[in-house]
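The values are calculated or read from the model by the stated rules, or taken from the named source; none is laboratory data. Not measured: the values here are computed from a predicted model. Counting neighbours? That spans all protein chains shown, and the Cβs are built from the backbone with ideal geometry, glycine included. Side chains included, ligands, DNA and RNA excluded: accessible areas come from the protein's heavy atoms. Shrake-Rupley method; radii C 1.70, N 1.55, O 1.52, S 1.80 Å.
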Amino acid sequence: MLRLRFVKSTLLSPNFLSISNFSPKPTSHSPLILKFKAQLQMGSSYTTSSPSSSKLLFRQLFERESCTYTYLLADVSHPDKPALLIDPVDRTVDRDLSLIKELGVKLVYAMNTHVHADHVTGTGLIKSKLPGVKSIISKASGSKADVLVEPGENIRFGDLFLEVRATPGHTLGCVTYVTGEGPDQPQPRMAFTGDVLLIRGCGRTDFQGGSSAQLYKSVHSQIFTLPKDTLIYPAHDYKGFTVSTVGEETQYNPRLTKDEEGFKDIMANLKLSYPKMMDVAVPANMVCGMQVPASKA
């Protein structure tokens with residue numbers, strides 16, 4: 001009898017199948033394409049496979065208006081199938097919770113990489129719909145949440161965990177969540193970088209306690225020191241990219257491959273407009289996304 005099981009760790013970007021990633025140009029009969037087609041026919045997602053990562057279910061979700069990525073991770077080898085959501089958006093909470101129900105996993109944490117200025121986090125709504133879920137954000141953010149994490153702490157879900165790394169610079173409280181190191185943890189490792197490191201870019205540094213010097217040091221000391229094959233999953237992308245690697249960004253990121261002075265000069269001359277959602281999003285996100293109606297006069 002054929003047994004279906006989750007044996008994959010990370011969904012490859014759709015960009016992986018683009019022509020530019022193959023040399024020579026693939027044909028419909030190439031081994032890789034035939035393997036991909038076979039897996040689609042079997043109803044499985046095309047992923048990288050590793051015996052040490054058979055526990056992890058991973059989904060990358062997108063919110064169009066703010067171009068935000070939300071990430072669902074679950075330990076499907078654990079009896080409870082505990083799961084967490086990274087950077088949920090209020091507009092897509094129902095979609096996310098519907099997917100969680102369909103996949104049969106149990107959401108235990110809804111967490112943010114930082115206090116967002118371009119959208120309202122979905123953590124508050126999620127907690128109102130699933131009261132057992134706990135919200136997480138960094139203690140340095142100054143925001144309210146059920147769990148305030150600090151650098152070096154681990155967030156456990158089943159037998160898997162995320163390591164908390166302080167990566168301030170975009171905001172004072174930015175953190176990067178990195179999958180654990182060890183033979184029983186997903187390989188290659190995955191880094192959820194929020195806005196501090198984007199694919200071929202980085203977050204702005206001109207508000208919320210941002211600092212270009214601090215962002216540069218954060219990325220180089222806390223992210224670029226990870227193994228080169230570590231997968232980079234940012235909170236946003238505006239050009240259609242879904243995933244990168246530490247190796248790619250250390251080689252091709254047009255801002256962070258500069259020396260520190262060159263980087264600071266770039267950031268000082270971006271001339272970006274004021275975020276249209278900032279006056280709504282930041283106050284709401286400081287209280288876990290729960291917007292309190294103004295009292296009547």
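Our coupling estimate for the range 236-248, obtained by passing each phi through the Karplus curve with A = 6.51, B = -1.76, C = 1.60 and θ = phi - 60°, is 9, 8, 10, 10, x, 7, 10, 7, 9, 9, 4, x, 5 Hz, Gly and Pro reported as x. Ranking GLN214, MET278, ILE232 by Cα position along the charge dipole of the range 196-294, where only Lys, Arg, Asp and Glu carry charges on their C-beta atoms, puts MET278 farthest toward the positive end. Once backbone amide H atoms are built at 1.01 Å from N, THR68 has GLU63 as its partners under 5 Å, excluding neighbours fewer than 5 places away on the same chain. Amide H contacts for VAL89 (H built 1.01 Å from N in the peptide plane; partners 5 or more residues away or on another chain; cut-off under 5 Å): GLY122.
Within the range 49-208, all pairs of alpha-carbon atoms sorted by distance into 10 Å bins from zero give the percentages 11, 42, 38, 9, 0. Compactness of the range 176-297 was expressed as the Cα radius of gyration divided by 2.2 N^0.38 Å, which yields 1.24. Amide H contacts under 5 Å for SER138: VAL149, restricted to partners 5 or more places along the chain or on a different chain, H placed in the peptide plane at 1.01 Å from N. Average accessible surface for the range 180-297: 51 Å² per residue, computed with a 1.4 Å probe over protein heavy atoms with every protein chain in place. 3J(HN,Hα) along the range 146-158: 5, 10, 10, 9, 10, x, x, 6, 10, 9, 9, 9, x Hz, from the Karplus curve 6.51 cos²θ - 1.76 cosθ + 1.60 with θ = phi - 60°, whole Hz, x for Gly and Pro. Seen through its C-alpha gyration tensor, with square-root eigenvalues sorted a ≥ b ≥ c, the range 115-264 comes out oblate because a/c lies at 1.5 or above while a/b is not bigger than b/c.
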